[in-house]
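Structure first, commentary second.
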Amino acid sequence: MTTIPTDLDRSFREAAVAADLLDAGYDVVDTPIGPLLVAVTDRGLLRVSFTAGRDPAEELESLARVAGPAVLRAPRAVAAAHRELDEYFGGTRRAFDLEVDLRGQAPFTLRVLDELARVPFGATATYGELAGRAGRPAAARAVGMVMNRNPIPIVLPCHRIVGSNGSLTGYAGGLELKEQLLRHEGVIL
Amino acid sequence: MMEDVTRIPPFESFYTANAGEVLAFLRRRLGSDRADDAFQETWLRALRAYGRLQHGRHLRAWVLTIATRVTIDTHRRAGEPLDELPELPTDDGRPAYEELAFLTDTLPAKERAAVVLRYGYDLDYDQIAAALGSSPDAARQAASSGVRRLRRRNP
């Protein structure tokens, strides 16, 4: 089997981004909480996902279902998101300036995620509070579902949403990660 | 679980599965020095056409046909004669290509490619056009004039 020289492979991937041919470009980014798959489209950040224990092929299929089949690993496409995540974990960034691509999400989900994005660094809100801000005070459980399926964790900070008794409750990346993120933000000492 | 071959895979999976063979093919046809540019050109053409594919069958044959077109263009740009017929990719799992080969060996390159892709691999004209670097209409014309030529020769 002929292996592709690294330079040749990289130059194809860069040319694909430069020619604007991708439905979504992605890369796996190393962070203090482990490798994250980050995917970007021409509309903005499409996905941040905890790669541990997930099937990479299934991740790509999932991106292709949402954005289209032209999905390619392309570090250059995610450079801005990568930099902002580095800054966040490095302690020099508290809010993200990235556009997000939430195509295909239901109207209530969009309202919840929009309110979620306003919960600032170092603060928390309860599921019920977030439901109220999204216009459905009784929908705490539905808000929990939205948090569980958040396509852009960390940037859309579902780790800042906790139970009404202050317990961490749950996190798609695992409770330890949620605790680690809240400790990073000074919520937990 | 059986993989659904009609589904169009994410480009990354298609690229990583076939890039090595495409590079080997281009090196055989063009030499190592010119193969790199042709490699990039082949995959950019495939990527440009990828969103128009109707199904994911015969993607390997499809990209090797694009690579064949790129080698022809490379020879042409260099002013080199194209005295030999371009080598169409063979696909071991596809007897259709073998069955058509004895008929199509004598056709002009573009008609041969169009006939084999249409009738051997059952690709639609959008896919054939992308492989040949032409329009769907031109691909349809190439296939039908190839078939006419075959009928005249093999009544």
Just checking, how many residues over the range B:57-76 are closer than 20 Å to B:Asp33 by Cβ and not β-branched (Val, Ile, Thr)?
5
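Would you confirm whether or not the range B:73-81 contains a residue that is at pLDDT below 95 and either within 15 Å of the chain's Cα centre (by Cα) or within 10 Å of another protein chain (Cβ to nearest Cβ) (or both)?
Of the residues in the range B:73-81, the ones at pLDDT below 95 are B:73-81.
From what is left, the residues that are either within 15 Å of the chain's Cα centre (by Cα) or within 10 Å of another protein chain (Cβ to nearest Cβ) (or both) are B:73.
Among the residues of the range B:73-81, at least one is at pLDDT below 95 and either within 15 Å of the chain's Cα centre (by Cα) or within 10 Å of another protein chain (Cβ to nearest Cβ) (or both), which makes the answer yes.
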Residues that are among the basic types (Lys, Arg) and within 15 Å of A:Val112 (Cβ to Cβ), drawn from the range A:132-186:
A:Arg133, A:Arg136, A:Arg141, A:Arg149, A:Arg160
Being touching a residue at least 40 places away in the same chain (Cβ under 8 Å), of a type outside the set (A, V, I, L, M, F, W, C) and within 14 Å of another protein chain (Cβ to nearest Cβ): is that true of A:Arg10 here?
no
So in the range A:149-177, with the set limited to residues that are part of a helix (DSSP H, G or I) and modelled with pLDDT of 95 or more, which one is surrounded by the most Cβ atoms within 10 Å (Cβ to Cβ)?
A:Cys158
For the range B:16-51 the number of residues that are within 7 Å of chain A (Cβ to nearest Cβ) and not acidic (Asp, Glu) is 12
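Find the residue count for the range A:44-67, including only residues that are farther than 13 Å from A:Asp101 by Cα and not polar (S, T, N, Q).
Within the range A:44-67, the subset farther than 13 Å from A:Asp101 by Cα is A:49-62, A:64-65.
Remaining after also requiring not polar (S, T, N, Q): A:50, A:52-61, A:64-65.
The qualifying residues number 13.
Yes/no per residue for (1) surrounded by 21 or more Cβ atoms within 10 Å (Cβ to Cβ); (2) touching a helix residue (DSSP H, G or I) at 6+ places or on another chain (Cβ under 9 Å); (3) farther than 18 Å from A:Thr3 by Cβ:
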{"site": "B:Gly20", "(1), (2), (3)": "no, no, no"}
{"site": "B:Leu26", "(1), (2), (3)": "yes, yes, no"}
{"site": "B:Thr42", "(1), (2), (3)": "yes, yes, no"}
{"site": "B:Arg48", "(1), (2), (3)": "no, yes, yes"}
{"site": "B:His55", "(1), (2), (3)": "no, yes, yes"}
{"site": "B:Arg69", "(1), (2), (3)": "yes, yes, yes"}
Can you confirm whether the range A:97-112 contains a residue that is closer than 30 Å to A:Leu21 by Cβ and assigned to a helix (DSSP H, G or I)?
yes
Scan the range A:74-93 and tell me whether some residue there is closer than 23 Å to B:Leu23 by Cα, surrounded by 13 or more Cβ atoms within 10 Å (Cβ to Cβ), within 11 Å of chain B (Cβ to nearest Cβ) and at pLDDT 95 or above.
yes
So which of A:Val119, A:Val66 ends up being assigned by TED's automatic domain parsing to the domain that holds A:His159 and in contact with a strand residue (DSSP E or B) (Cβ under 9 Å, 6 or more places away or on another chain)?
A:Val119
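The values are calculated or read from the model by the stated rules, or taken from the named source; none is laboratory data. Computed from a predicted model, the values in this text were never measured in an experiment. With ideal geometry, Cβ positions are generated from the backbone for all residues, glycine too; neighbour counts draw on all protein chains shown.
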